[in-house]
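Taking it in order: structure first as structure tokens, then the write-up.
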Amino acid sequence: MNATSEYSAKRKVTLVQARADGAARRDPKEAPEDRIVQACWSCQGPVALGEPFCSSCKAVQPPGQADHFQRLGLPRGFEIDTAMLEKSYFQMQRLLHPDRFATRTPKEKTLSQQQATSLNDAYETLKDPLARAAYLANLMGRDVLKEDGNAPVDPMILMEAMEMREALAEAETAEDVAAVTKRAQGEITDCENELSDAFAAADLEQAASLITRLKYLRKLADDTRARRAELRGRG
């Protein structure tokens, strides 16, 4: 059996399995774009993972097991093309909006609503660097947002957070708060750049540490707005 025949045979097996139970199947030896297929619920034809419509009968499909990157047609990684993210999201939003399915069957209405919800979840996660980093780490096997309180935190991160919080607590003028805000925003930018490097190097430990630091910095930036409002309230 030559390589082409072997590939076709594997793909046929995958399709048969998918048609049998409607579940996605994965074969790591297949080409990435054809790695997972599922059977269309309407015509039983093959539908690639993440495709919202069957190419044969055009029926809207269940959201399935596509991750957020697949759902929006983006390569998996921390660095994303934000213009492409916006373009893909709004194009798919128009196609999947439940109003377009108002005259369809109840199942199609339900599936379009599920697709729209999954699409919104994907967009909200990927457009935010912190949420994107945490989601990507999770896909790589590290639950950095688990609230079990047992994960050790780098002492340097804690020291930095305490120092900046003290500066914010001691801020008595708008200029004082602006200085803390400027420093926090600068550190956030640096942290996001370091996250990009960590993910590019597949250094999950470093990425997890930076995600924790970014969470502290983002919380501090939020608190500077509250402190500014408090000072304005004092007159």
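The values are calculated or read from the model by the stated rules, or taken from the named source; none is laboratory data. Here the structure is a predicted model, which is why all the values come from computation and not from measurement. Note that each Cβ is placed from the backbone with ideal geometry, even for glycine, and that neighbours are counted across all protein chains shown. Surface areas here come from the heavy atoms of the whole protein model, side chains and all, with no ligands, DNA or RNA. Shrake-Rupley method; radii C 1.70, N 1.55, O 1.52, S 1.80 Å.
Key figures for this structure:
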| read-out | value |
| --- | --- |
| Some residue of segment 173-189 being touching a Phe, Trp or Tyr at 6+ places or on another chain (Cβ under 7 Å), surrounded by 11 or more Cβ atoms within 10 Å (Cβ to Cβ) and of a type in the set (A, V, I, L, M) | no |
| Filter pass, E172 being part of a loop (DSSP other than H, G, I, E, B) and more than 19 Å from L130 (Cβ to Cβ) | yes |
| The listed residue being touching a His at 6+ places or on another chain (Cβ under 7 Å) and surrounded by 15 or more Cβ atoms within 10 Å (Cβ to Cβ), out of A137, A122 | A122 |
| Residue list for segment 41-74, filter: assigned to a helix (DSSP H, G or I) and open to solvent by 20 Å² or more (accessible area, probe 1.4 Å) | H68, Q70 |
| Identity of the residue in segment 92-121, in a helix (DSSP H, G or I) and of a type in the set (V, I, T), that ends up nearest to E51 (Cα to Cα) | T117 |
| Subset tally (residues that are open to solvent by 30 Å² or more (accessible area, probe 1.4 Å), not polar (S, T, N, Q) and not in a loop (DSSP other than H, G, I, E, B)) for segment 75-91 | 5 |
